[in-house]
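The values are calculated or read from the model by the stated rules, or taken from the named source; none is laboratory data. What you are looking at is a predicted structure, and each value in this text was computed from that prediction instead of being measured. Don't worry about glycine lacking a Cβ; one is built from the backbone with ideal geometry, like all the others, and counts go over all protein chains shown.
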Amino acid sequence: MVNPSSQIILDIEKVTPLIEKYRAKGQKIVLTQGVFDMVHIGHARYCEEAKQYGDVLIVGVDSDEKVRFRKGPDRPIVPQEERLEMLTYLRSVDMVVMKQLNAPKLHLIKVIKPDVLVATKDTYTEEQIVDLHTYCKKVVVLDPMATTSTSAKIRRLQIGAAKKIGDKLSSKLITTIEEVLKELKADHPELKEGEEK
């Protein structure tokens, strides 16, 4: 059994000697990047498709700090250690590299200089894709591989939870108001008299 930690690189600078080994063997390097929060079937399909473009698939994964900066304080749902390890269990993934918040723009792409960069269609503009050819031989844009994204799933969970809380609060609130009114009537008989008139 492969040790997942041997596929996880936390320091981008340690990627270079590994890339050199792959290139010395004549292997074609594919790079893709993302958050990979709550890994789902779309992620697995996406990585499987990305691997078709080369021999080695490297996945850049945003650190928790970077995800919070981009998506807000409630993300990611799954901590970076688990997201990194989970990806190593996908048969298509050869290496997973952590991307830190303070890294320069396009740092991982510039370090790896992949033969193929694979991205989803909302990641880069047409102009950015042209510029990326400075560092990548080819840029492949893939469509989403699932009917819903992690963000959409989280929104559905939040909406469902909010509805359940709202329903519970409504019934409890009504019950509490009725109980308080009964107590007030018991403590103040004049309220009862006022009702009867």
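Figures for the structure shown
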quantity: Residue, modelled with the highest pLDDT, within the range 119-139, restricted to residues that are among the aliphatic types (A, V, I, L, M) and part of a helix (DSSP H, G or I); calculated: LEU132
quantity: Among the residues listed as LYS99, LYS66, LYS121, the single one being loosely packed, with under 13 Cβ neighbours inside 10 Å, within 16 Å of VAL35 (Cα to Cα) and touching a strand residue (DSSP E or B) at 6+ places or on another chain (Cβ under 7 Å); calculated: LYS121
quantity: Test: residue in the range 159-179 that is under 27 Å from LEU106 (Cα atoms) and at pLDDT 75 or above; calculated: no
quantity: Verdict on GLY54 being over 17 Å from the mean Cα position of the chain (by Cα), surrounded by 19 or more Cβ atoms within 10 Å (Cβ to Cβ), among the small types (Gly, Ala, Ser) and under 19 Å from VAL139 (Cα atoms); calculated: yes
quantity: Contacts under 7 angstrom Cβ, first residue in the range 47-59 being in the same structural domain as THR88 (by TED's automatic domain parsing), partner assigned to a helix (DSSP H, G or I) and among the small types (Gly, Ala, Ser), 6 or more apart; calculated: LEU57/ALA50
quantity: Output for the range 81-96, where each listed residue is within 21 Å of LEU142 (Cα to Cα), surrounded by 15 or more Cβ atoms within 10 Å (Cβ to Cβ) and of a type outside the set (Ser, Thr, Tyr); calculated: LEU87, LEU90, VAL93, ASP94, MET95, VAL96
quantity: Members of the range 76-96 found to be closer than 13 Å to VAL35 by Cβ and without any contact (Cβ under 8 Å) to a residue 60 or more places away in the chain, listed by number; calculated: PRO76, VAL78, PRO79, GLN80, GLU82, ARG83, MET86, LEU87
